[in-house]
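Reading through the structure tokens given below for one structure.
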């Protein structure tokens, strides 16, 4: 029986928890480019689950990449099927520059330390080759590059490219290399590194959904903060100053939401996992948020702040009070 998306999300969360990751609350308060965040040591991951990865739009995946980059995290997609067939285990796919793997591949990587070796690409399956290992072994065996190429039935240029890591090899070619040289030649794929992809566009096209959002954005930039507005996440912006590595993840609340407390709790949970300052910017008339672990700042208070130091100290003080 096919696994439902909700079951797949829960199973992915459990897999990270079983591997000693801290896992955030699931993002359900509104549409989000990721379902949850996970962290273990220095490894931070933003995870999105798709039953069918064909449903992952470029806008959604690009925002996932952009948010992950701002939070110094790795974007990762867990999928079940593609356009025409089920995704294969132990194979790494990519979607708009983000690695896509199955739940089983995630488990094999986290629980057993067995990193995938094969990457799906245009026209077939490929392997990342350890060029330095090939060169060393070739020299140990006293083989010239031309001789090795002849033994493999390949061109000398191809072997040269393998040794310099310029090209991937087909699975068949990687097997031949391993058989002839007598050593493993495939490099494991680190699923927590992004797939090669085009440069990300900036957030200038992000729509500011209300006048309060516009005012908050304007004030934060006046405080000399770099501000990245976000459409698909529990928080509305990520901000930072070049002197402070720790990010600020903030939600803007104008009183129009039905379940604002849930979104505020998600922001608090995410901030804890990714090691960011959480903050809620609220309309002065909006007093109903009951989330004690997140500092709430009215728009009026924000307007009175003269520089980013005041905002940063306000957030740091809130952290000290919690401790």
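Assorted remarks:
- The angle separating the long axis of helix 58-70 from the principal Cα axis of greatest extent in the chain is about 80 degrees.
- When 24, 261 are sorted by how many other C-beta atoms sit within 10 angstrom of their C-beta, beginning with the fewest, the order is 261, 24.
- Relative contact order (percent, whole number), the chain, Cα cutoff 8 Å, 6+ residue spacing: 15
- The fewest-to-most ranking of 297, 134 by surrounding Cβ atoms within 10 Å reads 297, 134.
- Helix 103-112 vs. the chain, principal-axis angle (Cα, 0 to 90°, nearest 10): 80
- Put simply, the Cα atoms of segment 126-181 extend 28, 20, 20 Å along their principal axes, the longest span coming first.
- Nearest-0.05 FRET efficiency for residue 88 and residue 180, computed from C-beta distance (R0 25 Å): 0.40
- FRET efficiency, 1/(1 + (r/R0)^6) with R0 45 Å, evaluated for residue 306 and residue 3 via beta carbons: 0.25
- Contact order, relative form, for segment 5-116: 22 percent (alpha carbon pairs under 8 Å, 6 or more residues apart, mean separation divided by residue count).
- Alpha-carbon centroid distance for the pair segment 1-70 / segment 78-110, whole angstrom: 13
- Extension gain, residue 316-residue 283: 0.36 nm per intervening residue step, less the Cα-Cα distance, totals 9.7 nm.
- Its alpha carbons give the chain an Rg and a Dmax of 23.7, 80 Å.
- Considering only the chain, percent of DSSP beta bridges that pair antiparallel, nearest 5: 55
- Residues of segment 160-190 falling in the label zone of residue 150, defined by backbone nitrogen less than 20 Å from a point 7 Å along Cα to beta-carbon, are 160-163, 176-182.
- Rg ratio for segment 51-91: its Cα radius of gyration over 2.2 N^0.38 Å, N being its residue count, equals 1.32.
- Relative exposure of 162, 93, 175, judged by other C-beta atoms within 10 Å (fewest first): 175, 93, 162
- Stretched out straight at 0.36 nm per residue, the stretch from residue 158 to residue 18 would grow longer than its current Cα-Cα span by 46.1 nm.
- Gain upon complete extension [residue 192, residue 72; 0.36 nm per residue less C-alpha separation]: 42.1 nm
- Fraction of antiparallel bridges per DSSP, segment 47-137 only, in percent to nearest 5: 45
- Rounded to the nearest whole angstrom, the semi-axes of the ellipsoid equivalent to segment 5-116, taken from the Cα gyration tensor as √(5λ), stand at 18, 18, 13, largest first.
- With bins 5 Å wide beginning at 0, the percent of Cα pairs of segment 216-305 falling in each bin runs 3, 15, 26, 28, 19, 8, 2, 0.
We did not get these values from a lab; they are worked out from the coordinates using the rules stated. Model, not experiment: these values are computed from the prediction. All Cβ positions, glycine included, derive from the backbone under ideal geometry; neighbour counts span all protein chains shown.
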